[in-house]
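Here's the structure, in structure tokens; my notes come after.
The values are calculated or read from the model by the stated rules, or taken from the named source; none is laboratory data. Fair warning: this is a prediction, and the values are worked out from it, not measured in the lab. FYI the Cβ positions are ideal-geometry reconstructions off the backbone, even for glycines, and counts take in every protein chain you see. Just so you know, the surface numbers come from the protein's heavy atoms only, side chains and all, with ligands and any DNA or RNA stripped out. Shrake-Rupley method; radii C 1.70, N 1.55, O 1.52, S 1.80 Å.
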Amino acid sequence: MSGEVLDTGALISWSINQMNGCVVTPSQREEILKIAPEREVVINTSNLIWKMPDEESLARASKFAVDTGDMAGLSKVDLELLALSIQENKKLITDDYRLQNLAEKAGINWGSISTKGISKLWEWELKCLACKKEYPTPEVPNKRKSDWGECVDCGSSLKLKRKK
Ligand SMILES: [Zn+2]
């Protein structure tokens, strides 16, 4: 088994052998150095393929994410991984429910690192918790995952919620 696109969770928990031949993006190196610097040697030892998705794949991934409303919760790395899976036509390995949800909707095979994965698809809504006003989900990845700005009507913080 090899050749999957790996999210950073897999880079942290998979063995050298499991990671051989798998595809990752250069942006993940920064994440690893920040979150799990002790993994650097393992990652450098395994035969990973470091690759940036091309602009066309990034544009396709962005379009999927905007269409499904998932873009709001995605990081730059998440978006690159989705784009890589599209570009390389490879399975995406992630435990991030949002990425799994998006891969499912984009028709990309995905697998989980250690959990069972989602049992059903999720949808997201950006909403004011105070007055319940709904907002369109943002169209760019969010740098700070929890900061969605304020409600124009009442000034309360907006929250990204899973649609029931
Ligand atoms: Zn409000």
Task: Tally of residues being within 20 Å of W110 (Cβ to Cβ) and open to solvent by less than 20 Å² (accessible area, probe 1.4 Å) across segment 37-51 - done: 1
Open item on the list: Looking only at residues that are within 19 Å of the chain's Cα centre (by Cα) and either surrounded by 12 or more Cβ atoms within 10 Å (Cβ to Cβ) or within 16 Å of the ligand (Cβ to nearest atom) (or both) in segment 148-164, which one is modelled with the lowest pLDDT?
Closed with: R162
Task: Filter result (within 14 Å of S27 (Cβ to Cβ) and surrounded by fewer than 21 Cβ atoms within 10 Å (Cβ to Cβ)) within segment 52-76 - done: M52, L58, S75, K76
Open item on the list: Condition check: open to solvent by less than 50 Å² (accessible area, probe 1.4 Å), touching a residue at least 40 places away in the same chain (Cβ under 8 Å) and assigned to a loop (DSSP other than H, G, I, E, B). Does G9 satisfy that?
Closed with: no
